[in-house]
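Taking it in order: structure first as structure tokens, then the write-up.
The values are calculated or read from the model by the stated rules, or taken from the named source; none is laboratory data. Please read all numbers here as calculations on a predicted model, not as lab measurements. Cβ placement follows ideal geometry from the backbone for every residue including glycine, while neighbour counts extend to all protein chains displayed.
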Amino acid sequence: MTSSDLTALPAGAKKRAAARVGNSIDGVALVPGAASGLRLGFACAEFNGGITARLLTGALDALEEAGGGLSDAVVTWVPGAFELPLVAQRLAESDHIDAVICLGAVIRGDTGHYEFVAGECASGLQRVQLDTGKPVVFGVLTTETVEQALVRSQPDETNKGREAARTALQTAAVLSAVSTVSGGSRVGFTTGRR
């Protein structure tokens, strides 16, 4: 996952690092069933809701593909991106939610609202993640135009909602591995010991 081939993680970099340290945890390799048993919460913005709905569809598709049971998922709707952190916090504080995926779109307009809304949403979601210790994924598009938002929410592999769901699964796997690193490898990630 990168914006350019020039910034991509070099081939073999993870293996080289793993060979030099006591433990190495890699949550990127999602395997079938990686989402099994995870209970996910979604905080979705109604403003620019047509885009949000496309992101949600992509996220749900990715979770189903990873073996996630959507019957335990909770989808919430809030007025806009600015309200996402509060609802994400409530979801993350629940004992019934393992990870939160926040979806929406902030599209630049003729006023300065873009910087305030996008920046405060991102800051708030980061704070919730750090305060609760649970993955809270920023699946909020920040684009210059509606056309850009439509491209990033296409019903294909490039859908940013799909990417947000995968990020939630990978982060949950890494957190699980970190808490049990001395117990060896588990499905969904690899651990290496020197």
Scanning segment 131-161 for residues that are without any contact (Cβ under 8 Å) to a residue 60 or more places away in the chain and under 12 Å from the mean Cα position of the chain (by Cα) gives K134, P135, V136, V137, F138
Among the residues of segment 20-35, write down those that are at pLDDT 80 or above and either assigned to a loop (DSSP other than H, G, I, E, B) or more than 10 Å from A173 (Cα to Cα) (or both).
R20, V21, G22, N23, S24
If you take the residues in segment 108-128 that are crowded, with 19+ Cβ neighbours inside 10 Å, touching a Phe, Trp or Tyr at 6+ places or on another chain (Cβ under 9 Å) and modelled with pLDDT of 95 or more, which one is nearest to D72 (Cα to Cα)?
L125
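To keep it simple, each residue is scored yes or no on (1) surrounded by 22 or more Cβ atoms within 10 Å (Cβ to Cβ); (2) free of Cβ contacts under 8 Å to residues at least 40 places away in the same chain; (3) touching a helix residue (DSSP H, G or I) at 6+ places or on another chain (Cβ under 8 Å); (4) within 21 Å of E157 (Cα to Cα).
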position: C44; (1), (2), (3), (4): yes, no, yes, yes
position: G49; (1), (2), (3), (4): no, yes, no, yes
position: Q89; (1), (2), (3), (4): no, no, yes, no
position: S94; (1), (2), (3), (4): no, no, no, no
position: C102; (1), (2), (3), (4): yes, no, yes, yes
Scan segment 139-194 residue by residue and report those that are modelled with pLDDT of 95 or more, surrounded by 13 or more Cβ atoms within 10 Å (Cβ to Cβ) and of a type in the set (D, E, K, R).
R152, K160, R162, E163
Which condition number in (1) at pLDDT below 90; (2) in a loop (DSSP other than H, G, I, E, B); (3) out of contact with any helix residue (DSSP H, G or I) (no Cβ under 8 Å at 6 or more places or on another chain) is the one that L38 fails?
(3)
If only one of V78, V74 is under 27 Å from G119 (Cβ atoms), modelled with pLDDT of 90 or more and buried (at least 19 other Cβ atoms within 10 Å of the Cβ), which one is it?
V78
